[in-house]
């Protein structure tokens, strides 16, 4: 399964995916990695793994639509069959989503539908929840609202800050994302409306 | 700690509280049980346990305010120090909340802030989450929005219906509610704004 990854930040989820491919537990091929940020750690990780990279920096485009059209050309050139968002901080437009026939997956650091959007871990700490977690979901036209593939709970501990909670959730993300992608790649994920069934 | 319980339904959480008092693991005394519904199972359970009951049926009052004033008189007559909602389906008004100096606790069958309000388990199944749970929280003036004391995750399994999920969550509720009440009764719960800290 020819896979593209979009990342904005330090790319630790990208690394988890690269590592899972490397040890044979993830039957996909990451054929390209893109970022809306130049010189991110994520791009360096891709370089190190020998994966071609591309930067889609907003300053290089007249508007967001032009940027997304460039991303669309890029995934088409690379004959991508699966697009993974891994800490990609831009929301893809409904126009983009509608033009893509293959699945787009995202990982989010909360138990959706709680705490969508940016700073999910900060939202969780400020709300005062005792359980948070992470969610891998199909991307739809809403904000973090797509059908859920896998979720994993993570406890919020006494004295947790945004950072300590984010670190604990991130460890779980590194396991959950490759597992969800593996299930999708193996054809074990059946999606009917909002319901996602994992076939055994 | 002189405790009142309000319940509307079958009262299984009330029973869990009664049982925990009975086996000595819960240092409170349930001095009265009320319901907005006549002839509920909850009231029968209280009767069986020898706890005085009262019905606050809406049809007996000109309006909701009159009903709540009667509930307020009832808790005052009983010198209540803690009010527990256990499947009580009416939302207490902000006026009621403001007039009560002692803590009011509620248990809700989801990981709040996800799925507040009625039919939380149905909401969870329809949304397609893979993890739900239950929450014990202080009651504030909002709907299921108060500071969280304890939460426990419960997996949503393939093929779960509203009923099967509700049953699995309910088992957890029966453990979580007595535990949260125990912590409050022992003075181990410190509340600062939205943050609830459990003292060891």
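Assorted remarks:
- Subset of region B:87-116 (residues that are within 11 Å of chain A (Cβ to nearest Cβ) and over 15 Å from the mean Cα position of the chain (by Cα)): B:113, B:114, B:115
- Flag for residue A:194 being more than 10 Å from chain B (Cβ to nearest Cβ) and either under 26 Å from residue B:148 (Cβ atoms) or in contact (Cβ under 8 Å) with a residue 40 or more places away in the chain (or both): no
- Check on residue A:84, touching a residue at least 12 places away in the same chain (Cβ under 8 Å), loosely packed, with under 14 Cβ neighbours inside 10 Å, away from chain B (no Cβ under 14 Å) and within 12 Å of the chain's Cα centre (by Cα): no
- Filter result for the condition that a residue is out of contact with any helix residue (DSSP H, G or I) (no Cβ under 7 Å at 6 or more places or on another chain) and within 9 Å of chain A (Cβ to nearest Cβ), over B:159, B:146: B:159
Every residue, every condition in (1) touching a strand residue (DSSP E or B) at 6+ places or on another chain (Cβ under 6 Å); (2) under 16 Å from residue B:144 (Cβ atoms); (3) in the same structural domain as residue B:121 (by TED's automatic domain parsing); (4) part of a helix (DSSP H, G or I), yes or no:
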position	(1), (2), (3), (4)
B:72	no, no, no, yes
B:76	no, no, no, yes
B:80	yes, no, no, no
B:90	no, yes, no, no
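- Residue check for residue B:170: over 25 Å from residue B:25 (Cα atoms) and modelled with pLDDT of 95 or more: no
- Looking only at region B:117-128, and only at residues there that are touching a helix residue (DSSP H, G or I) at 6+ places or on another chain (Cβ under 9 Å) and part of a loop (DSSP other than H, G, I, E, B), the one that is nearest to the other protein chains (Cβ to nearest Cβ): B:117
The values are calculated or read from the model by the stated rules, or taken from the named source; none is laboratory data. The structure displayed is predicted, hence computed values, not measured ones. FYI the Cβ positions are ideal-geometry reconstructions off the backbone, even for glycines, and counts take in every protein chain you see.
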